[in-house]
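The block underneath contains the structure these notes are about, expressed in structure tokens.
Any read-out appearing in this document is the output of simple, stated calculations on the displayed coordinates, not a laboratory observation. What you see is a predicted model, and the numbers here were worked out from it, not measured in a lab. Cβ: placed from backbone, ideal geometry, glycine included. Neighbour counts: every protein chain shown.
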Amino acid sequence: MNAPSPQHIDVSNPRLYREDTWRPHFAALRRDDPVHRHEASPYGPYWSVTRYADIMKVELDHRTYSSASELGGIQIADQPKGQELPNFIRMDPPRHTAQRKTVAPIVAPSNLTNMEALIRERTASVLDGLPRNQPVDWVDRVSTELTAMMLATLFDFPQAERRKLTHWSDVAIANVEAEDAVVKSDVERLAELTVMAETMAVLWKERAAQPPKFDLISMMAHSEATQNMPLHEFIGTFGLLIVGGNDTTRNSMTGGLMAVQDNPGELDKVKADGRLLDSLVSEIIRFQTPVIHMRRTATCDSELAGRSIRKGDKVVMWYVSGNRDEVAIEEPERFVVGRPRARQHLSFGAGIHRCVGDRLAEMQLKILWEEILKRDLEFEIAGPPVRLYSNFIRGIRSLPVVIHA
Ligand code: HEM
């Protein structure tokens, strides 16, 4: 039975995230109409799922709520017709399962252990190389730098050209309507991503001709599930891996610094008891919620929180809201180190598409904070952040920070 719902603003408006004014709108939705039908939006009608428990229901029922590219994929905005870029996050089983299995070993615990020393060495050198007593852009000098180096390692991509990976990631997620968008149209986006594909295809051919090695390109080139991808799927798959490994971790590195600066007592807890580092990392990832939403498409009629969802409907899970749901998380608006069940946030999603790189991201953040604490760095945020105009990635484009000597 569908109850009449109160008027609510369209939470798909990217301006809400650029201006960071989304919180009260989601609080109202969770309170009044947690599975809310927005009849009119630039993306057509859609359902907003805003409570933790309902988001979990959608996540865990991939048969009813599909991720398939041909039904529209995983963002509220449908992909431009004829320019769809399928990849395994936009697939249902069995293809999803086979492709995910191909790349998962790169982020398996044994390989994370192998990469730890390298990540630490790079983190130390980036922190030691920052100028003192003058503003630096934390996003560029730390968050982007560290994630670009990591991504280049995962692909065995030339380190000297690692910023190309950052650029393609920015291109892949750009809202073409933003004033400061790196590309201004979907045609321009596809052209840039085609350059990415051509660059990757050269490495792919080399690795396909060599014995398998332990990098993402070689692993995909030698796997039956991925070795014969059509061009658009090839572009889509590299886009997924680049955005997955880059944007999200990058924004947690910046959002974390802001959260800690606003709540100095919380870092003091970690200084007093190093065992709280894991909790700090999880709380940073929850608090930032780098992915704002994921979308599904209903494959059949169903019911969610008493609302009737029809086959073909767009169902949007707002992670930013689920992570602020006061029913599931105590005082969710506070940044608290040492929360019970700190890792049970929604930032990595859940179910069959749960982030494959979650442990890597956590390790990168943990090492960053360990190295910051070792140096006892004192920060001052010297100006407001510039936030991304996007309803998909909760991104921070720049943040001036002074490190006191
Ligand atoms: C703090 C950092 C990160 C966050 C917040 C994050 C968030 C997410 C989310 C929300 C999803 C979709 C989950 C769902 O639909 O239920 C996802 C999937 C994915 N992520 Fe991450 N991610 C992060 C880091 C990474 C890293 C470091 C990598 C790569 C090394 C990565 C690669 C992927 C891939 C390949 C998928 C698709 C998984 C699938 O469809 O089975 N992510 N991530």
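Only one of A148, A124, A98, A104 is part of a helix (DSSP H, G or I), within 28 Å of E224 (Cβ to Cβ), small (G, A, S) and touching a helix residue (DSSP H, G or I) at 6+ places or on another chain (Cβ under 9 Å). Can you tell me which? Step by step, each of A148, A124, A98, A104 is checked, and only A98 is part of a helix (DSSP H, G or I), within 28 Å of E224 (Cβ to Cβ), small (G, A, S) and touching a helix residue (DSSP H, G or I) at 6+ places or on another chain (Cβ under 9 Å). Pairing each residue of the range 15-33 that is touching a residue at least 60 places away in the same chain (Cβ under 8 Å) and closer than 13 Å to R394 by Cα with any residue that is of a type outside the set (V, I, T) and part of a helix (DSSP H, G or I), provided the two are 6+ apart or on different chains, yields C-beta distances under 6 Å for W22/L16. Of all residue pairs spaced 6 or more apart or on separate chains, those with beta-carbon atoms under 7 Å, a first member in the range 177-196 that is at negative phi and a second member that is of a type in the set (S, T, N, Q) and crowded, with 17+ Cβ neighbours inside 10 Å are A181/N175. When I76 is tested against (1) part of a loop (DSSP other than H, G, I, E, B); (2) buried (at least 17 other Cβ atoms within 10 Å of the Cβ); (3) touching a helix residue (DSSP H, G or I) at 6+ places or on another chain (Cβ under 7 Å); (4) not small (G, A, S), exactly one condition is not met: (3). Within the range 279-303, being over 26 Å from R23 (Cβ atoms) and either touching a residue at least 60 places away in the same chain (Cβ under 8 Å) or among the β-branched types (V, I, T) (or both) holds for T297, A298, T299, C300, S302.
Inspect all residues belonging to the range 263-277 and state whether any of them is within 16 Å of the ligand (Cβ to nearest atom), in a helix (DSSP H, G or I) and on the phi < 0 side of the Ramachandran plot.
Of the range 263-277, the ones within 16 Å of the ligand (Cβ to nearest atom) are 277.
Now narrow it down to the ones that are in a helix (DSSP H, G or I): 277.
Now drop any that are not on the phi < 0 side of the Ramachandran plot, which leaves 277.
Checked against the condition, which is being within 16 Å of the ligand (Cβ to nearest atom), in a helix (DSSP H, G or I) and on the phi < 0 side of the Ramachandran plot, the range 263-277 yields at least one hit.
Return a yes/no flag: does the range 253-264 have any residue that is touching a Pro at 6+ places or on another chain (Cβ under 9 Å) and under 29 Å from A104 (Cβ atoms). Yes, the range 253-264 has at least one match. Residues in the range 318-337 that are of a type in the set (S, T, N, Q) and either more than 14 Å from the ligand (Cβ to nearest atom) or assigned to a loop (DSSP other than H, G, I, E, B) (or both): N323 alone.
Results for (1) in contact (Cβ under 8 Å) with a residue 60 or more places away in the chain; (2) within 13 Å of the ligand (Cβ to nearest atom); (3) in a helix (DSSP H, G or I), shown as yes or no for each residue.
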position	(1), (2), (3)
R339	yes, no, no
H345	yes, yes, no
F348	yes, yes, no
M363	yes, yes, yes
E370	yes, no, yes
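The residue that is surrounded by the fewest Cβ atoms within 10 Å (Cβ to Cβ), counting only those in the range 93-130 that are without any contact (Cβ under 8 Å) to a residue 12 or more places away in the chain and within 16 Å of the ligand (Cβ to nearest atom), is S110.
Taking the range 151-192 as the range and being crowded, with 22+ Cβ neighbours inside 10 Å and in a loop (DSSP other than H, G, I, E, B) as the test, only A174 passes. Per the listing R51, R63, R90, R141, the residue uniquely basic (K, R) and surrounded by fewer than 16 Cβ atoms within 10 Å (Cβ to Cβ) is R63. Of the residues making up the range 228-245, none is acidic (D, E) and farther than 25 Å from Q75 by Cα.
The set of residues from the range 234-250 being small (G, A, S) and within 14 Å of G357 (Cβ to Cβ) comprises G244, G245.
Could we say that I89 is touching a residue at least 60 places away in the same chain (Cβ under 8 Å), assigned to a helix (DSSP H, G or I), within 30 Å of R310 (Cβ to Cβ) and of a type in the set (V, I, T) here? When the stated conditions are applied, I89 passes them.
Looking only at residues in the range 25-70 that are of a type in the set (G, A, S) and assigned to a strand (DSSP E or B), the one that is nearest to the ligand (Cβ to nearest atom) is S66.
Candidates are the residues of the range 350-361 that are assigned to a loop (DSSP other than H, G, I, E, B) and among the small types (G, A, S); the one that is farthest from the ligand (Cβ to nearest atom) is A350. For the range 39-90, the set of residues classified as closer than 28 Å to M229 by Cβ and small (G, A, S) consists of S66, S67, A68, S69, G72, G73, A77, G82, listed by residue number.
I396 fulfils the conditions (1) within 14 Å of the ligand (Cβ to nearest atom); (2) more than 17 Å from I292 (Cβ to Cβ) except for a single criterion, (2).
Which members of the range 211-237 meet the condition of being assigned to a helix (DSSP H, G or I), among the hydrophobic types (A, V, I, L, M, F, W, C) and in contact (Cβ under 8 Å) with a residue 60 or more places away in the chain? Those that are assigned to a helix (DSSP H, G or I), among the hydrophobic types (A, V, I, L, M, F, W, C) and in contact (Cβ under 8 Å) with a residue 60 or more places away in the chain: L216, I217, M219, M220, I235.
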